[in-house]
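Notes follow once the structure below has been shown.
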Amino acid sequence: MFDLLFPRRCPVCHGIVVPRGGLICPGCISKLSFVKSPTCKTCGKEVLHPRIEYCFDCTKRPKSFRFGLALLNYDERARASMARIKYKNKREYLDFYGRALALKYGERLERSGAQALIPVPVHPSRRRARGFNQAEELAKAVSRSLKEERGLELPVRTDVLCRVKKTAPQKELTASERFKNLIQAFEVSEEAADGLTDVILVDDIYTTGSTAEACTRLLLKAGVKNVYVLTICIGQGQ
Ligand SMILES: [Zn+2]
Ligand SMILES: [Zn+2]
């Protein structure tokens, strides 16, 4: 009934999903550019050759998280889908992406022994304006699917990491100055992090990894031992 009143839209073509009840048009799945091996051992980005262990980015700036897992290469189609989630309020797309992530990486996520999914927070004013945090909705969709598919209980924790400052692109700053600003934009509640040793950081897009790195460093400082990163899209690298 709900589906008849509010038919679900496809995250790829943005049309009404047929047959009803699906999360994506069957014909649209093949239009997505899924991440394929070989991938960077750290961030999970596609690399050109199996002998290449780490992408250019991870070689230049080693990361503090254990490894990253992503579903899609961040091409034009993925970019359009991500933009509609955020700016056209198409959070329903996250049901598909969350489920796809849980199906593809459920086993690895389970084996990681992680205790919680931690969404990368957005600033409260931005969350208010948008009505939701896409990373949080994604984490909830992943959590639901892991429960349904594997019986795995992985709670979404939004009390551990918070955003205290908005970050605007500051072109005049150096990369290290920008990174310092980024670190200062987040805060970890030591109280909430107490007892957490292994966590999965969740976000919609991974490009250079600076956000994931900033959040990871703060979590490690608060006593977390291993951080894993899970995203829908990842920028293609060499
Ligand atoms: Zn479609
Ligand atoms: Zn990498």
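Under 20 Å from the 7 Å Cα→Cβ point of S125, by amide nitrogen: which residues of region 151-178? Correct set: 162-171. As a fraction of the 1.4 Å probe accessible area of region 32-234, surface on carbon and sulfur atoms comes out at 48 percent. Normalising the average separation of contacting C-alpha pairs (under 8 angstrom, six or more residues apart) by the number of residues puts the relative contact order of the chain at 23 percent.
Take every DSSP beta bridge whose two residues both sit in the chain; close to 25 percent of them are antiparallel. Could you give the angle, 0 to 90 degrees to the nearest 10, between helix 175-185's Cα long axis and the longest principal axis of the Cα atoms of the chain? That helix lies at roughly 70 degrees to the long axis. Rounded to the nearest 20 debye, the dipole size of the chain about its Cα centre is 640 debye, using +1 on the Cβ of Lys and Arg and -1 on the Cβ of Asp and Glu. Sum up the charges of everything whose Cβ sits under 12 Å from the Cβ of E107, counting Lys and Arg as +1 and Asp and Glu as -1, but leave E107 out. After counting each charged neighbour, the total is +2. Residues in the chain average 52 Å² of solvent-accessible surface per residue, probe 1.4 Å, ligands and nucleic acids excluded.
With axes computed from alpha carbons, what is the tilt in degrees of helix 210-221 against the longest principal axis of the chain, rounded to the nearest 10 within 0 to 90? Around 60 degrees separate the two axes.
The radius of gyration of the Cα set in region 1-89, together with its Dmax, comes out at 17.1, 53 angstrom. Projecting the Cα atoms of L101, V35, F6 onto the charge dipole of the chain, computed from C-beta unit charges around the Cα centre, puts F6 farthest toward the positive end.
Taking 0.36 nm per residue of separation and subtracting the Cα-Cα distance, full extension of the segment from R20 to S189 would add 56.6 nm.
Only the Cβ atoms of Lys and Arg (+1) and of Asp and Glu (-1) were treated as charged; on that basis the dipole of region 60-151 about its Cα centre amounts to roughly 440 debye. Summarising the overall dimensions of the chain from its C-alpha atoms, the Rg and Dmax are 17.6, 54 angstrom.
Between the beta carbons of S37 and L173, assuming R0 = 22 Å, the FRET efficiency works out to 0.05 to the nearest 0.05. Distance between the modelled labels on K180 and E107, one decimal in nanometres: 4.6 nm (7 Å Cα→Cβ projection).
Leaving out ligands, DNA and RNA but keeping every protein chain, what accessible area does T208 have, in Å² rounded to the nearest 10, with a 1.4 Å probe? Solvent-accessible area, nearest 10 Å²: 60 Å².
The values are calculated or read from the model by the stated rules, or taken from the named source; none is laboratory data. Remember, it's a predicted structure, so these values are computed and weren't measured experimentally. Every residue, glycine among them, receives a Cβ derived from its backbone with ideal geometry; neighbour counts consider all protein chains shown. Heads up: the accessible areas ignore ligands, DNA and RNA and are worked out on the full protein's heavy atoms, side chains in. Shrake-Rupley method; radii C 1.70, N 1.55, O 1.52, S 1.80 Å.
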